[in-house]
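Structure record follows, encoded as structure tokens.
The values are calculated or read from the model by the stated rules, or taken from the named source; none is laboratory data. Computed from a predicted structure; not experimentally measured. Positions of Cβ are generated from backbone atoms using ideal geometry, with glycine treated the same way; all protein chains shown enter the neighbour counts. In case anyone asks, the SASA skips ligands and DNA or RNA and just uses the protein heavy atoms, side chains included. Shrake-Rupley method; radii C 1.70, N 1.55, O 1.52, S 1.80 Å.
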Amino acid sequence: MSGLLAGSGALHFAVPGPFDAIVPKLLPGSPRNWTKASGVAELAVAVAVAVPATRRLGGLAAAGLFTAVFPANVKMAYDWRDASRLKQAVAFGRLPFQAPLIGWALAVRSGAGAGAADGAGAKQ
């Protein structure tokens, strides 16, 4: 999970345009600022999940993050409703995966109990 979050967080800075495009218009300020903020959040949560001492909090933060970005995924699907079949498949195909990601994050949190300090917690 930490690798997935770190990779996505890094992409927010390396290739910000696609992320800017899916920032819901209801959010105040610049889409780029939201892209940067969400990239920083993903990188921070990646570290929290990777470190045994913070894995429990990191799993909870990851679940919150995956929930918070869902409106952007919905916006992407809406915006791409008239795009090519491939783009539609990507955009709409992402939506049902949000729930398993949240479940995975909560499982990481739950598995980070007593053994987390010695590295015996949930797999990341």
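Here LYS75 fits the description: in contact with a Pro (Cβ under 7 Å, 6 or more places away or on another chain), among the basic types (Lys, Arg) and modelled with pLDDT under 95. Contact map, the stretch 1-22: residues that are under 18 Å from ALA68 (Cβ atoms) paired with residues that are part of a helix (DSSP H, G or I) and of a type in the set (Asp, Glu), Cβ distance under 7 Å, separation 6+ or inter-chain. Pairs shown: LEU5/GLU42; SER8/GLU42; GLY9/GLU42; HIS12/GLU42. For the stretch 81-97, the candidate set comprises residues that are in a loop (DSSP other than H, G, I, E, B) and open to solvent by 70 Å² or more (accessible area, probe 1.4 Å); within that set, the residue that is farthest from LEU43 (Cα to Cα) is ASP82.
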